[in-house]
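Visitor: Dropping a structure here in structure tokens format, bear with me for questions.
The values are calculated or read from the model by the stated rules, or taken from the named source; none is laboratory data. Everything numeric in this text was worked out from a predicted model, so none of it was measured. For neighbour counting, all protein chains shown are included, and Cβ atoms are generated from backbone atoms with ideal geometry for every residue, glycine included.
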Amino acid sequence: MGVITYSQEFKSAIAPSRMFKALIVDSHIVIPKIVPEGIKSVEFIEGDGGAGSIKKTNFADSSPIKYTKHKIDALDVENCYCKYTLIESGIQFDKIDFVVYEVKFIVADGGCVCKMTSEYHAKEGCELKEDDIKQGKEKAMGLVKTVEEYLLANPDVCA
């Protein structure tokens, strides 16, 4: 089983605590409200949102993926850090066994820098290429930008 690691950073005009709250802590409330055409609901099926919890995201009917389940491995609200693992999906991945994500928001220039690392663990005997995971990376970045725009337009949300 091979592992491919991708790291990316982006800058935001939003404070790290607000971005972290919107994208991680309160994502089950905020994200379905912002992108109802893409995500129907987000719910905790185990736990209360802390480490060990399992979060299920239910996608819109038009999506090829009906749901995903993520296990929260570590959550440090004070330091705006989260590590979580994609453990199940409503679509079978041909080459991916599971994905581990780490997200950290750091204060920078009146806003923040988000550092994201994704570890794609390939199934036995499979080789991953960037094209295999490019679409997921693009959708994640699109969601981050949409949340940023929403927070800029609504300064009281996640304050």
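Visitor: So, in the stretch 1-18, of the ones that are of a type in the set (A, V, I, L, M) and more than 30 Å from Lys123 (Cα to Cα), which residue ends up surrounded by the most Cβ atoms within 10 Å (Cβ to Cβ)?
Guide: For the stretch 1-18, the residue satisfying everything is Ile14.
Visitor: Looking at the stretch 74-86, can you tell me whether even one residue there is modelled with pLDDT under 95, under 13 Å from the mean Cα position of the chain (by Cα) and not small (Gly, Ala, Ser)?
Guide: yes
Visitor: Looking at the stretch 40-47, can you tell me whether even one residue there is hydrophobic (A, V, I, L, M, F, W, C), modelled with pLDDT of 90 or more, surrounded by fewer than 18 Cβ atoms within 10 Å (Cβ to Cβ) and out of contact with any Gly (no Cβ under 7 Å at 6 or more places or on another chain)?
Guide: Yes.
Visitor: Answer yes or no: is there a residue in the stretch 99-116 that is closer than 20 Å to Ala15 by Cα and assigned to a helix (DSSP H, G or I).
Guide: Among the residues of the stretch 99-116, not one is closer than 20 Å to Ala15 by Cα and assigned to a helix (DSSP H, G or I), which makes the answer no.
Visitor: Looking only at the stretch 136-158, count every residue that is modelled with pLDDT of 90 or more and in a helix (DSSP H, G or I) and tell me the total.
Guide: 9
Visitor: With respect to the numbered conditions (1) modelled with pLDDT under 90; (2) surrounded by 15 or more Cβ atoms within 10 Å (Cβ to Cβ); (3) not in a strand (DSSP E or B), which one is the sole condition not fulfilled by His121?
Guide: (3)
Visitor: Counting just the residues of the stretch 48-59 that are exposed (fewer than 14 other Cβ atoms within 10 Å of the Cβ) and small (Gly, Ala, Ser), which one comes out farthest from Tyr81 (Cα to Cα)?
Guide: If we take residues in the stretch 48-59 being exposed (fewer than 14 other Cβ atoms within 10 Å of the Cβ) and small (Gly, Ala, Ser), then Gly52 is farthest from Tyr81 (Cα to Cα).
Visitor: Same structure, new question: Would you say Asp73 is closer than 16 Å to Gly47 by Cα, acidic (Asp, Glu) and surrounded by 14 or more Cβ atoms within 10 Å (Cβ to Cβ)? Step through it out loud before you land on a result.
Guide: Details: closer than 16 Å to Gly47 by Cα: yes; acidic (Asp, Glu): yes; surrounded by 14 or more Cβ atoms within 10 Å (Cβ to Cβ): yes.
Considered against the rule, which asks whether it is closer than 16 Å to Gly47 by Cα, acidic (Asp, Glu) and surrounded by 14 or more Cβ atoms within 10 Å (Cβ to Cβ), Asp73 comes out as yes.
Visitor: Give the residues of the stretch 19-38 that are touching a Phe, Trp or Tyr at 6+ places or on another chain (Cβ under 6 Å) and either among the aliphatic types (A, V, I, L, M) or surrounded by fewer than 21 Cβ atoms within 10 Å (Cβ to Cβ) (or both), sorted by residue number.
Guide: Met19, Ile34
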